[in-house]
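First comes the structure, then the notes that go with it.
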Amino acid sequence: MPALSSQPFDKQSYTSFSMVVFNKIKPVSEWVANQKKEGKSIGFVPTMGALHKGHLALVEQAGRENDLVVCSIFVNPIQFNNKEDLKKYPRTIESDLKKLDGAGCDAVFSPDAEEMYPAGHQTKTYDFGRLDKVMEGRFRQGHFNGVAIVVKKLFEIVQPHRAYFGEKDFQQLQIVRSLVTQEKLGIQVIGCPTVREAGGLALSSRNTRLTEAQRREASRIYQALVKARDMYPASPVDQIKQQISDLINASPELELEYAEIVCPDTLLPVTRSGRNTSAVACVAVHAGKVRLIDNMYLNS
Ligand code: AMP
């Protein structure tokens, strides 16, 4: 078995895997183009690595709905507004590749930052209207523009038919949908349900940085969202938000950053709950130095 390394790969593929691994743009683009010429449909799953069952569920869904699955692993520096978070972001390329091979992935694209952002590369400022001004956008300046730049670039490289994103990052999913519409990319964006631990905590690469006590207490986030769903639509929105806040802040390990109840498509605040008013509750919570986000549809 060849030695795997988190350094840039100098080979285009690893023979021990049934999938191929690329770290350069040109070969992965050519590989996809050849597969498409043979009539194969391509499902694409962009990730930042440190893979868990949530990511693998996306890969498996892409596998069911396409002939071939391409997954990217790239910790995108320009979407981190916090240098410490970028530095501490877990990097586990060797086990990621094994997991992807086991999940039926056909090709992995794992470039380094120089490959994605060569000196003098063009940047762009996107206009997402309100979508990137609220919630995560308010607390993480420039984050979604960095996401949009990398997703657009990855879409241009891979040119998939369908792309799979987790509902766990609900606002990101809506930003990507808007990006595809704005840029007329002709890619079908598919939102996939959040995969959770037995206690309800949404799986996240950042969970590995939680202490045992923080991890145990973090299941309150899920419990608060379930309570919100139970209360909707009979209770006023402010009361539901207060309840979320009370349940989360009751733990000494957790501190709520925001709780919002918004329209799923526009992310406009829902001011009056109602049986016919679609709503999703979105929260961000600090557990020590780790920031966790989660959300839940309230009327499903
Ligand atoms: P990340 O590596 O955190 O950028 O995530 C890559 C993709 O996996 C994104 O589309 C995420 O929304 C999705 N994802 C992350 N965690 C989960 C989860 N627990 N369930 C479903 N999808 C997830």
ask   = In the full protein assembly as shown, how much of Glu30 is accessible to a 1.4 Å probe, in Å² to the nearest 10?
value = 90
message = Counting only other residues whose beta carbon sits under 12 Å from that of Glu60, what net charge do I get with K and R as +1, D and E as -1?
response = +2
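When only the heavy atoms of the protein chains count and the probe is 1.4 Å, how do Arg220, Arg91, Arg272, Arg140 rank by accessible area, highest first?
Largest to smallest exposure gives the sequence Arg272, Arg91, Arg220, Arg140.
Report in % the part of the accessible area of region 205-297 that belongs to carbon and sulfur, leaving out ligands and nucleic acids; probe 1.4 Å. Please report the intermediate quantities before stating the final value.
Details: 2060 of 4580 Å².
On region 205-297, the fraction of accessible area on carbon and sulfur atoms equals 45 percent.
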request  = Filter the cross-link list Lys40/Lys168; Lys133/Lys184; Lys98/Lys133 down to pairs whose alpha-carbon distance in this structure exceeds 31 Å.
outcome  = Lys98/Lys133
query = Where both partners of a DSSP beta bridge lie in the chain, what percent of those bridges are antiparallel, to the nearest 5?
reply = 50
query = Rg and Dmax of region 205-297, using alpha carbons, in Å: what are they?
reply = 13.4, 41
note = Out of His52, His121, His143, a Gaussian network model of the chain with alpha-carbon springs under 10 Å gives the largest mean-square fluctuation to His121
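Taking the chain, how much of its Cα-Cα pair set, in percent, is spaced more than 28 angstrom apart?
Of the Cα pairs, 40 percent sit more than 28 Å apart.
Express the carbon and sulfur contribution to the solvent-accessible surface of region 11-192 as a percent, rounded to the nearest whole number, probe 1.4 angstrom.
Using a 1.4 Å probe with all protein chains present, region 11-192 comes out at 48 percent carbon and sulfur.
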message = Give me a comma-separated list of calculated 3J(HN,Hα) values for region 81-95, in order, Karplus coefficients 6.51, -1.76, 1.60 applied at θ = phi - 60°, integers in Hz, x for any Gly or Pro.
response = 8, 10, 4, 5, 4, 5, 5, 8, 4, x, 10, 9, 4, 5, 6
query = In the full protein assembly as shown, how much of Lys133 is accessible to a 1.4 Å probe, in Å² to the nearest 10?
reply = 110
key: Surface per residue (accessible, 1.4 Å probe) for region 199-300, Å²   = 48
query = If you roll a 1.4 Å probe over the heavy atoms of the protein chains, what accessible area per residue do you get for region 11-192, in Å²?
reply = 45
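With a sphere of radius 12 Å drawn around the Cβ of Arg291, what net charge do the other residues whose Cβ falls strictly inside it have (Lys, Arg +1; Asp, Glu -1)? Can you show the working numbers first?
Working: positive: Lys88, Arg140, Arg206, Arg209, Lys289; negative: Glu84, Asp85, Glu136, Glu255, Glu257, Asp294.
Residues near Arg291 contribute -1 overall.
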key: Net charge over other residues, Cβ less than 13 angstrom from the Cβ of Gln141 (K, R count +1; D, E count -1)   = +1
ask   = What does the accessible area of Tyr297 come to, in Å² to the nearest 10, when a probe of 1.4 Å is used?
value = 80
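The values are calculated or read from the model by the stated rules, or taken from the named source; none is laboratory data. A quick note: this is a predicted structure, and the numbers were derived from the prediction, not measured. In this analysis, Cβ positions are derived from the backbone assuming ideal geometry, glycine residues included, and neighbour counts consider all displayed protein chains. Ligands, DNA and RNA are excluded from the accessible area calculation, which covers all protein heavy atoms including side chains. Shrake-Rupley method; radii C 1.70, N 1.55, O 1.52, S 1.80 Å.
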